[in-house]
Amino acid sequence: MDFSIKACDWRKGEANGFLTGKSDVIVLGVFEAQTLTGAARDMDVATKGLISRVVKAGDMSGRAGTTLLVPEVTGIGASRVLLVGLGKQDGFNQKAYGEAVRAAWRVVLGSKIGQATFTLAQLPIQERSGDWAVRVAILALRELIYKFTQMKSKPENDARSLKKIGFLVDTADEKAAKTAVKQSVAIANGMDLTRDLGNLPPNICTPTYLGQTAKKLGRDWKLKVEVLGQKQIAALNMGSFLSVAKGSVQPPLFIVMQYNGAGDSAKGKNAPIVLVGKGITFDSGGISIKPGEAMDEMKYDMCGAGSVFGTMRAVAEMGLKLNVIGVVPTCENMPAGNAVKPGDIITAMNGTTIEVLNTDAEGRLILCDALTYAERFKPAAVVDIATLTGACIIALGHHNTGLFSKDDALAGELLDASREVVDPAWRLPLDDEYQDQLKSNFADLANIGGRPAGSVTAACFLSRFATKYPWAHLDIAGTAWKSGAAKGATGRPVPMLSQFLIDRAGA
C-alpha cells in the first residue's frame, strides 16, 4: 500500500489543486451544526455548493461516526466523495478523530476504491498536529486490514482494492507528516509480526520457532542474533528460568537480538535500551494447572516476546539512531513427572533462592533471570513486557496496559509515548510495603504474594532483579489479545514501545 503526503496552504487556496487531482474518492469531514471548514469548504466551492446542499437536506448531519458516500460528483478529480460526521467542532479531540478515521476506512475498504484522497489529517485537533493525525490514520487502516489466514487450508482471497492513499496536510506539517508515514508503516509492520506470532497455534509457535524467527529477523534487518540452548542457559546458572521449562519436551531457548543504530557503546556512550519479553509459548499452569475453559488462549502467553520481536523489526525499519537489545527467554510451562512443584526451592541466576508456591506464576521466574542477564549490557534503561497477571485485568480491564516503575522519568517517557500513539497505559504503585507479601520462611522470597494486589506483588518480585539500571515493567495481560468473536492478538504495546524509542532517538 502506497502512502503519500500533499501539503496545502489553505490561506492561499492551494487545496483546490489537490481536490481536482486524480482519485477514486475524497474523504471529507463535516462538523455537526457548523459551517463548512477547510477541505470541506473548498470542496463545496469546487462542486458548486454540492456539500452545502447535502448538509442542508439533512443527508449528512455531521453527527460523530456517520458517513455518506456521494457518487458521480463533478467538478473535482474524484468520482465520489465520502462525507464523515465529526460531531461538534468545539472540543474536537483525538478520540473523536480516531472514531472518524475508523468510520471512514470501513466505508472505503467496503467499496471498490483503489485510490483515496484523505483530508481528515488537516482538521484542527486539540493539542495535536497533522503528522500525528497521519500516523493515527495509517495505524488504524493497517489494523482494520490485518487478517490471519496462514493456517486455513483455503485462505479467503484478499479482494481489497485500496492501493494508494494521499494525505492532505497543512504546509507547516509536511516534513513531519512524511516522517510519520515512514514510522507508521514500520510500526504497523512490527505489529503485524507480533500479531502473527501470537495468533499461530502453540504446536507451531514453539520456542524453537521463535529462535528461527529471530535468526530470520537478523538476516532481513542486519541484527546481531544469539540463540542460546539449554546447555548454555544452564552454564549461565539460570536455575529459575530452567525450572519452568522442566515439564515440557520442547527445549527452552534464550534469544538475544541486538540493533546497533548508534554505533557500539563505549565509556558510557550509546548505552542500549533493553527490551525483555516473556516468551511462554504455551502456559498450562504446570502442576498448578489452569481451568480448561479458554486454556487455548494461553498460546498468547508469549505476546510479551512477540512485542519485542515486533518492536525490533520496527526500529530496524525506521533506522533509528539508537542501540536497542531484545532479550527473550522462551519455553513452555507444562505438567509432568519432572515438572517444578509447589514447595520447590530454586536458585536464580543472581543467587537468589525462590520458594515456588504456585507454578502458574511462572512468567516472573523466567523474566528474573533475563533481567539479571541484562546487567551485562550496562543499559540506559530496561523495559520488560509480559502477559504476567490476571490481577492486572481485574484492575485495569482491557483498555490500559499496567505500567510499574520507581523511575519517574522512565515512567513518564512511556506514558507520554502511550498517549502519543493512542496505546494507553496506566501507572500502578510499586511501594516497598508490598514486598512484605513475598516473604518466605524457607527461601529468600516466594514467587507469589497472595491475592491482594497480585499485579503489584508480581512487579515487586521482578524489581528485586532490576536494581542496577532504570527499569519499568509493562503488564499486558489485558491488552495483548482479544477474546470472543474478535479473538486475536492486538499487536500492543508495539506502538508504545516504538514511540518511546523514537523519542529516545530524537527522531
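Brief remarks on what is shown
- Exposed loop sites here mean GluC sites (Glu not before Pro) with a DSSP loop assignment and at most 13 other beta-carbon atoms within 10 Å; the chain contains its longest site-free run at 294-507.
- Sites HIS399 and GLU293 - FRET efficiency at Förster radius 22 Å, r taken between beta-carbons, to 0.05: 0.40
- Answer label, with Rg and Dmax of the Cα atoms in Å calculated from the coordinates and candidates [x] 25.4, 87; [y] 24.9, 83; [z] 20.9, 66: [y]
- DSSP-loop trypsin sites (Lys or Arg not before Pro) across region 20-67, with at most 12 other Cβ within 10 angstrom: LYS22, LYS48
- With q set to 0.16, 0.21 Å⁻¹, the log10 of I(q)/I(0) for region 124-192, from the Debye formula over equal scatterers at the Cα positions, is -0.64, -0.93.
- Full extension of the chain segment joining ASP9 with ARG427 gains 146.4 nm, where the gain is 0.36 nm per residue of separation less the Cα-Cα distance.
- Average accessible surface area per residue within region 109-206, 1.4 Å rolling probe, Å²: 44 Å²
- With eigenvalues of the C-alpha gyration tensor scaled by 5 and rooted, region 175-309, Å: 30, 21, 12
- Here GLN230 and ASN358 are evaluated by their C-beta separation; at R0 = 30 Å the FRET efficiency comes out at 0.80.
- Counting protein heavy atoms only, region 176-233 has 52 percent of its accessible area on carbon and sulfur, 1.4 angstrom probe.
- Here's how it looks for GLN89: its modeled amide H is under 5 Å from those of GLU32, which are all 5 or more places away or on a different chain.
- Taking a point 7 Å out from the Cα of SER483 in the direction of its Cβ, the residues of region 357-395 whose backbone N falls within less than 17 Å of it are 387-395.
- Dimensionless Rg over Rh [region 308-442; C-alpha; Kirkwood]: 0.98
- Under-16-angstrom lysine pairs by C-alpha in region 65-183, whenever the two are 8 or more apart or on separate chains: 4
- Heavy-atom accessible surface of region 331-442: percent carbon and sulfur, 1.4 Å: 52 percent
- Model label points for VAL249 and ARG63, set 7 angstrom from Cα along the Cα-to-Cβ axis, are 5.9 nm apart.
- Inter-centroid distance (Cα atoms) of region 166-204 relative to region 35-59, Å: 33 Å
- THR67 long-range amide H proximity, modeled H, under 5 Å: GLY85
- Distance from the Cα centroid of region 234-288 to that of region 93-122 is 40 Å (rounded to whole angstrom).
- Antiparallel DSSP beta bridges within the chain, as percent of all bridges there, nearest 5: 35 percent
- Summed residue charge, Cβ within 12 Å of PRO493's Cβ, Lys/Arg positive, Asp/Glu negative: -2
- Lys pairs under 29 Å by Cα in region 261-375, provided they are eight or more residues apart or on distinct chains: 10
- Heavy-atom accessible area per residue - region 262-321, 1.4 Å, Å²: 35 Å²
The values are calculated or read from the model by the stated rules, or taken from the named source; none is laboratory data. This structure is a prediction, so every number in the text was calculated from the model and none was measured. Note that each Cβ is placed from the backbone with ideal geometry, even for glycine, and that neighbours are counted across all protein chains shown. Surface areas here come from the heavy atoms of the whole protein model, side chains and all, with no ligands, DNA or RNA. Shrake-Rupley method; radii C 1.70, N 1.55, O 1.52, S 1.80 Å.
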